[in-house]
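A short worksheet on the structure shown next.
Just so you know, all these numbers are worked out from the coordinates, no wet-lab data involved. This is a predicted model, so every value here is computed, not measured. Please note: Cβ atoms are built from the backbone with ideal geometry, for glycine as well, and neighbour counts cover all protein chains shown.
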Amino acid sequence: MSGTFRIELLSGVHQRAELASGSLVLDRYFQSQASQDMRRRIATCFVAVGNADSQIGGYYTLSATSVALDALALQVARKLPRYPVVPAALLGRLAVQRAHQGMGLGGALLADAIQRIARAEVGVFALIVDAKDEPAQRFYEHFGFSLLAGENRCLILPIDTALKKLASR
């Protein structure tokens, strides 16, 4: 899938109106809000663009967040400094065009997000996601995310764990 698409920063050249992921909320955000959030430095949006046709195959957003130390599993928290919160990145949204669903593009977008976070020159312990529904939760769990303590659909994946999983592929 990675040879079919390139992933780049959302810009004015991208045709956002064409995205149809099957989630009205994710599509509407991408079509009308993503560029505003970028201008306001609320979130950064990355798009998968077809190499052959420049069509958008999907997107994801990243922003800064933190997670309470006591929300982490004991075996994870034990290895961290005793700060009340630890830095994290939030994968706020991830959507794939219907025609490309089930072909690995969602996983490629997730891998790209993890690699970008790992390259960032700021401290980021983990990637956090709020899965919108049960299928989304299963998607993230498939890639190693686990539920935060006391949360319904909020999941976490330490960046070191994510990088090890990517390296073993």
> Per 5 Å bin, what is the whole-percent P(r) computed from every C-alpha pair distance within the chain?
Replying inline: 1, 8, 18, 21, 21, 15, 9, 4, 2, 0
> Any idea how far the Cα center of the stretch 61-104 sits from the one of the stretch 123-154, in Å?
Replying inline: 7
>> Neighbour counts of other C-beta atoms within 10 Å: give me Val96, Val47, Val13 arranged from fewest to most.
In response: Val13, Val47, Val96
> Counting other C-beta atoms within 10 Å, which of Tyr29, Tyr83 has the fewest, and how do the rest follow?
Replying inline: Tyr83, Tyr29
> Lys/Arg Cβ at +1, Asp/Glu Cβ at -1, dipole of the chain taken about the Cα centre: which of Ile128, Ser66, Leu105 is farthest positive-ward?
Replying inline: Ser66
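Just to confirm a number: summing +1 for Lys and Arg and -1 for Asp and Glu over residues other than Glu8 whose beta-carbon lies under 13 angstrom from that of Glu8, what do you get?
+1
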>> Charges at C-beta only: +1 for Lys and Arg, -1 for Asp and Glu. How large is the resulting dipole of the chain about its Cα centre, in Debye rounded to 20?
In response: 300
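By counting other Cβ atoms within 10 Å of each Cβ, how are Ile117, Ile42 ranked from fewest to most?
Details: Ile117 20, Ile42 14.
Ordered by Cβ neighbours within 10 Å, fewest first: Ile42, Ile117.
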